[in-house]
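Structure first, commentary second.
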Amino acid sequence: MRILVFHGYLLRGTGSNIYNANLARALAGLGHEVHLFCQDRDAAGFDWVDAVGTWEDGGLTVTGTGSSDGSGSVTVYLPPIGKILPVYVEDRYEGFEARAFPSLGDREIEAYVEANVAAVAEVVERTGEPEAALANHLIMGPVVLARAGIPSFAVKNHGSDLEYTIRPNPRFVPWASEGLERASAILVGSRHTAESLWETIPGIGLEEKTGLGPPGVDPQSFHPVDRSQAGDLLDALADRIADGNGGSGLGRDRPRASAAIRIFADSEGPRVVFVGKLIVSKGVDLLAAAWPMVHRNHPGATLLFAGFGEFAEGLEALVERLSEGDLAGARAIAAEGRSLEGGTVGRLEMLDDFLADPPTDYLDSARSSAGSILFTGRLEHDEVAELVPPTDSMVVPSTFPEAFGMVAAEAAASGVMPVCARHSGLEEVTATLSEDVPGAAPFLSFDLGPDAVPEIASRLDRWLETAAEQRMAIELALAASADHHWSWEGVARDVIRASAGEIRPLASPDP
């Protein structure tokens, strides 16, 4: 089957990028001919990419050849959009001027859309009409495929498009509506995201064609390992990162990442990890504030933040102030809040409320935890797959709605306990795991609110104190549950069916 996938971003780094890389690979593995549109200029470096199409000299040139043995193929196309790359959350993208959609004028956005429409139309004219198609994100993928005349396509809503751009900026509703009206189906990771979508873009019948379509987990990459070998496994990862080619694009800093993971490998106690964007919406400030209370009961424990983002400097400053016992300095960071990632001043309420009246021995614990929190910067997804399994727990403290708890599912597949904020797509992931593994339920979730910081600490502390035999049984059961519910081959089949209008039902609404 000939399948067209429009993404528009990279194929590594953040959630939707990883989704498309794994989806394309799974589709090709099922024997399909995949035509994937993105902006990853290093796409040829993936061993699953057979050919790359560019417009560097004005016309379309394809380098490489697809598979001819019926085993499937992936051809990646890089539409000539110019220097401006519209994004939902601003980051550094090598070779582009990444700008948030709301900062762009209508003419700039239309130019971006039309450049992609022309590229899609040219590829379709050359390769033939796709038999199935997927547009990623609510803007601008669906309108691109609609204007390019693709007769039947599904849409994957990853969440950031809706929550960061369309909901707070109704100006983008017409662009989203134009594409979604033509779509055969819309895939979401959770009912929470579906309800947010229906509320934001009402009146065009989206309820009838919205179905469940979460990301997948690769059990060959994320799987349980022998924890007695954790130090050796992490040292090997540090060596691999250090030996790789340099580069600092998207926050990449190999020496720093390697050094941090090497210290993590040498941890004398439990290892806890956060994987994701270092932005306020991910709740990283809450985890940093909770850590001294965990470290107090597990003095050899180490926490590692793996990721990059606009709040990275603010987070590191918070960690430093706490390790110095500087409560006033930490509260000043909480007061500045979102301004430290480039926004307007917005107090970090849960953090500030906790710091206003911390436990009696908190500052002593914070001083004692100095040096136990590490930062790697950005890691590649295959490196994350080597980092997570040897750890004892992952914390996912997001304070903003998540379409799906991708990193939580990957942690579970690795036999690693994910401690998650209880809301949106995260709650649906942890509810599935809790139903399959009742023994994990007391550790999987915590409530956001005035007690969020101590609740994170409590869940981690209780899990790390659980007897080894009981922990091992729970870990293996978590891995089996994740493997049963989330696989990339299943995601690929869902996408094909959704392109034809066939969807899986969402979870029932809350009473």
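Here are the numbers:
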item: Pairs beyond 26 Å (Cα-Cα), from Lys156/Lys277; Lys156/Lys282; Lys209/Lys277; result: Lys209/Lys277
item: Phi-based couplings in Hz for the stretch 52-58 (Karplus 6.51, -1.76, 1.60; Gly and Pro marked x); result: 10, x, 10, 10, 4, 10, x
item: Long-range HN-HN contacts of Val87 with modeled amide H, under 5 Å; result: Arg99, Ala100, Phe101
item: Computed over the chain: relative contact order in percent, which uses C-alpha pairs under 8 Å that are six or more apart; result: 16
item: Share of Cα-Cα pairs in the chain lying beyond 41 Å, as whole percent; result: 18
item: Under Karplus coefficients 6.51, -1.76 and 1.60, residue-wise ³J(HN,Hα) of the stretch 301-306 in Hz, glycine/proline x; result: 6, 9, 10, 10, 9, 10
item: The chain - mean residue ellipticity at 222 nm from DSSP helices (-39,500 (n - 2.57) per run, n ≥ 4, rounded to 500); result: -13000 deg cm²/dmol
item: Label point 7 Å beyond Cα of Arg504 along Cβ direction - residues of the stretch 469-492 with amide nitrogen under 13 Å; result: 482-492
item: Sequence-distant residues sharing a close amide H with Leu506 (under 5 Å, placed H); result: Leu212
item: Nearest-20 debye value, the stretch 158-295 charge dipole, Cβ charges on Lys, Arg, Asp, Glu; result: 260
item: Within straight-line cross-link reach of Lys83, aspartates and glutamates at Cα separation under 12 Å, skipping those fewer than 8 residues along the same chain; result: Glu94, Glu97, Glu108
item: Modelled label reach - Ala236, point 7 Å along Cα→Cβ, the stretch 390-407 residues with backbone N closer than 13 Å; result: 390
item: Built amide H within the under 5 Å cut-off of Ser445, gap 5+; result: Cys420
item: C-alpha center-to-center spacing [the stretch 370-409, the stretch 1-58] in angstrom; result: 24
item: Mean Cβ neighbour count within 10 Å, used as a protection proxy, ranking 289-298, 55-64 highest first; result: 289-298, 55-64
item: The stretch 227-484: Rg to Rh, with Rh as the Kirkwood radius over Cα pairs; result: 0.94
item: Test item: Cα-centred dipole of the chain, Lys/Arg +1 and Asp/Glu -1 on Cβ, debye; result: 480
item: Cβ-Cβ FRET estimate between Ile204 and Thr360, R0 fixed at 51 Å, reported to 0.05; result: 0.35
item: Bridge type composition, the chain - antiparallel percent by DSSP, nearest 5; result: 10
item: The stretch 227-484 - percent relative contact order, Cα under 8 Å, separation 6 or more; result: 21
item: Alpha-carbon Debye profile of the stretch 415-511, log10 I(q)/I(0) at 0.17, 0.23 Å⁻¹; result: -0.85, -1.20
item: Per-residue HN-Hα couplings for the stretch 193-201 [Karplus 6.51, -1.76, 1.60; θ = phi - 60°; Hz; x = Gly/Pro]; result: 5, 4, 5, 5, 4, 4, 5, 6, 10
item: Label-point gap, in nm, between Glu108 and Gln220 - each point 7 angstrom along Cα→Cβ; result: 4.2
item: Evaluated at q = 0.17, 0.22 Å⁻¹: base-10 log I(q)/I(0), Debye formula over Cα of the stretch 53-148; result: -0.87, -1.29
item: Electrostatic dipole magnitude of the stretch 309-450 [Cβ: Lys, Arg +1; Asp, Glu -1; Cα centre; debye, to 20]; result: 240
item: Listed peptides 231-237, 455-461 by packing density, highest first (mean Cβ within 10 Å); result: 455-461, 231-237
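All of the numbers you see were taken from the coordinates with simple rules; none came from a lab. This one's a predicted model, so the numbers in the text were calculated from it and none came from an experiment. Neighbour counts run over all protein chains shown; Cβ positions are idealised from the backbone, glycine included.
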